[in-house]
Amino acid sequence: MWKYFLVLLLIILSIITTYIFTPRPFIAHHHANFAVYTNGEKWDFSPATYMEEVSRCNVTEWVTPQDRIHLHDGKWWLIHVHMAASTWGDLFANIGWGIGTDYVNSGYNNMRLTDNMHSLYYIINGAIVLNPANIPVESTDRLVVWYGTGTSKEILAKWDTLVDRDAMEYNQKSDPASCSANTYGWLSPIVTPIMEWVEHNIE
């Protein structure tokens with residue numbers, strides 16, 4: 001009996017200690033995948049202009065929007081989320097894009113509007129959403145943005161082949177510059193959901 005009590009006490013103390021010493025803006029760190037297609041071509045986000053310096057992963061002061069959710073290390077299909085409330089709109093704004101219900105804008109006035117010839121679909125985990133801008137990016141989410149021809153039924157039939165699915169793999173290992181994917185160590189399965197709830201609900 002005492003053995004179980006001591007184990008429980010150690011777990012509680014570990015959670016409290018971790019919470020105290022973990023920087024508040026970055027109590028979350030998880031990954032997601034995304035891909036953007038325009039007229040059947042997959043957009044290449046590998047240029048350095050889309051990447052964030054890995055040294056920014058651990059900042060705790062003067063936090064910028066780019067620090068909260070970004071791409072880095074040349075892996076342009078993999079999203080790094082450092083703040084639980086970060087949305088898809090935050091990500092696209094950080095990489096210089098605009099998204100809406102009837103348009104995508106890749107920057108430099110390169111607006112793509114829906115019309116009789118072009119449709120726009122946002123697909124998150126196999127479900128079409130009207131506009132993902134205000135939807136938080138959850139761990140292992142997969143987003144496809146499709147601008148071009150094709151019906152919703154046609155795009156849904158192949159969406160799973162259009163986007164990578166390695167976010168879970170990166171959740172299990174450390175990133176560059178001590179940008180740790182497993183902030184709470186062996187307690188992550190317990191603590192991470194709690195901390196994400198705190199981030200969403202407590203100022």
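Since every read-out is calculated from the coordinates, none of them should be taken as a lab result. These numbers come from a predicted model, not from an experiment. Here the Cβ positions follow ideal geometry from the backbone for every residue, glycine too, while neighbour counts run over all protein chains shown.
Going from the residue with the fewest nearby Cβ atoms within 10 Å to the one with the most, Asp166, Asp141, Asp44 rank Asp44, Asp166, Asp141. Expressed as a whole number of Å, what is the distance separating the alpha-carbon centroids of region 88-105 and region 27-48? After rounding, the separation between the Cα centres reads 12 Å.
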